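Okay, structure first, notes after.
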Amino acid sequence: MSEELEHVKCLIIGSGPAGYTAAIYAARADLKPVMITGMQMGGQLTQTTDVENFPGYPGGVMGPEMMEDFRKQAERFGTDIRFGYVSNVDFSGPVHKVIVDENTTILADTVIVSTGATAKWLGLPSEEKYNGFGVSACAVCDGFFFKNQDVVIVGAGDTAAEEATYLAKLCNKVTMLVRRDEFRASKAMVNRVLKTKNIEILYNSETKEILGDGKGVTAVKVVNNVTREETDVPATGFFVAIGHKPNTDIFKDWLTMDDVGYIITQPDSTATEIEGVFVCGDAQDKIYRQAVTAAGTGCMAALEAERYLAAKEDVEA
């Protein structure tokens with residue numbers, strides 16, 4: 001006789017601000033949510049040092065500490081938090097099948113996807129060494145820490161151009177490394193960069209190494225990929241703006257995505273085209289990508305899941 005599969009009202013895939021907020025709201029609505037955290041419990045913020053732009057922390061907070069607070073609050077209301085990863089899904093039926101750690105199947109009436117996104121990095125050992133100590137993938141998150149300092153930013157798209165102009169308002173000088181002899185960004189964004197006096201653009205330039213004193217970044221070794229000439233650019237901050245990769249590959253056979261992999265939701269909603277499946281946080285947000293906006297969409301997803309189940313119960317009654 002086959003073992004009966006676990007059946008839950010609400011399954012949350014992924015932790016972080018979106019997942020934990022969805023869990024808080026779902027638990028308070030008595031949906032008895034089960035959360036599968038993913039292998040990076042707490043998401044991207046667990047790799048962040050100081051967080052100063054999240055409401056409710058007037059003195060700032062360390063990223064891992066903030067995620068621990070979120071976790072405790074979700075657990076306080078009864079969320080069943082399980083460390084593991086979702087290896088496959090089957091959204092073909094009215095009840096959704098989710099395979100955890102490749103061998104456990106959970107049936108769920110609603111699924112909230114909060115798998116987030118991962119910043120693309122250059123892959124340099126020194127980049128990893130100084131991550132959080134001068135190296136960042138989010139100018140809006142960390143730019144304030146480099147007020148009146150010299151920084152370097154890598155990238156040539158709209159995001160890089162936008163972040164360079166944001167940094168220019170705070171920093172003494174912004175050196176922008178563009179790998180080719182032209183930008184990939186839109187003309188409007190390029191014009192904004194060109195009009196900003198304290199941004200210097202180095203075309204045909206790539207990062208060879210991030211230099212530091214063991215405590216933080218001191219300079220960036222830049223190589224011209226045409227002449228092969230190397231230059232050390234003094235800087236205390238190094239920002240990588242070459243894009244993000246949403247962690248959504250396991251859903252590609254079921255949910256509509258853009259060409260990068262961000263899941264497309266219904267207008268003014270976290271709902272997908274699959275009934276009972278909702279998406280929040282950086283898995284669907286390629287514009288803002290902030291902890292506070294992720295938390296907001298986590299709230300939305302849980303409220304929509306609750307309303308979906310209530311409507312379903314009314315129909316069945």
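The values are calculated or read from the model by the stated rules, or taken from the named source; none is laboratory data. This is a predicted model, so every value here is computed, not measured. Cβ sites come from the backbone with ideal geometry, for glycine too, and all protein chains shown count toward neighbours.
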- All positions within segment 47-91 that are outside any strand (DSSP E or B) and among the polar types (S, T, N, Q): GLN47, THR48, THR49, ASN53, GLN73, THR79
- Can you give me the ranges of the strands (runs of 3 or more DSSP E) entirely in segment 122-209 with at least 2 residues that are touching a residue at least 40 places away in the same chain (Cβ under 8 Å) and surrounded by 21 or more Cβ atoms within 10 Å (Cβ to Cβ)? 150-154, 173-177
- Task: Could you grab me the full set of residues in segment 92-121 that are crowded, with 21+ Cβ neighbours inside 10 Å and either basic (Lys, Arg) or modelled with pLDDT of 95 or more (or both)?
- Result: HIS96, VAL98, ALA108, THR110, VAL111, ILE112, VAL113, SER114, THR115, GLY116
- Task: Output the residue which, of all residues in segment 256-287 that are of a type in the set (A, V, I, L, M) and either free of Cβ contacts under 8 Å to residues at least 60 places away in the same chain or surrounded by fewer than 20 Cβ atoms within 10 Å (Cβ to Cβ) (or both), is farthest from GLY93 (Cα to Cα).
- Result: ILE287
- Item | Single condition ASP109 does not satisfy, out of (1) of a type outside the set (A, V, I, L, M); (2) outside the structural domain of SER269 (by TED's automatic domain parsing); (3) assigned to a strand (DSSP E or B) | (2)
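Listed here are the residues, each with its yes/no results for (1) touching a Cys at 6+ places or on another chain (Cβ under 7 Å); (2) under 20 Å from THR49 (Cα atoms); (3) of a type in the set (S, T, N, Q).
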site: SER136; (1), (2), (3): no, yes, yes
site: ASP142; (1), (2), (3): no, yes, no
site: VAL151; (1), (2), (3): yes, yes, no
site: GLY157; (1), (2), (3): no, no, no
site: ALA161; (1), (2), (3): no, no, no
site: LYS169; (1), (2), (3): no, no, no
- Message: I want to confirm something. Restricting to segment 112-121 and keeping residues that are in a strand (DSSP E or B) and among the small types (Gly, Ala, Ser), which single residue is nearest to PHE278 (Cα to Cα)?
- Response: ALA117
- Message: Taking the conditions exactly as written (surrounded by 14 or more Cβ atoms within 10 Å (Cβ to Cβ) and within 17 Å of CYS299 (Cα to Cα)), does THR79 satisfy them or not?
- Response: yes
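Conditions tested, residue by residue: (1) at pLDDT 95 or above; (2) on the phi > 0 side of the Ramachandran plot.
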| residue | (1), (2) |
| --- | --- |
| VAL151 | yes, no |
| GLY155 | yes, yes |
| SER186 | no, no |
| ILE201 | yes, no |
| ARG228 | yes, yes |
| ASP232 | yes, no |
- Item | Matching entry among MET39, MET62 (being on the phi < 0 side of the Ramachandran plot and surrounded by 13 or more Cβ atoms within 10 Å (Cβ to Cβ)) | MET62
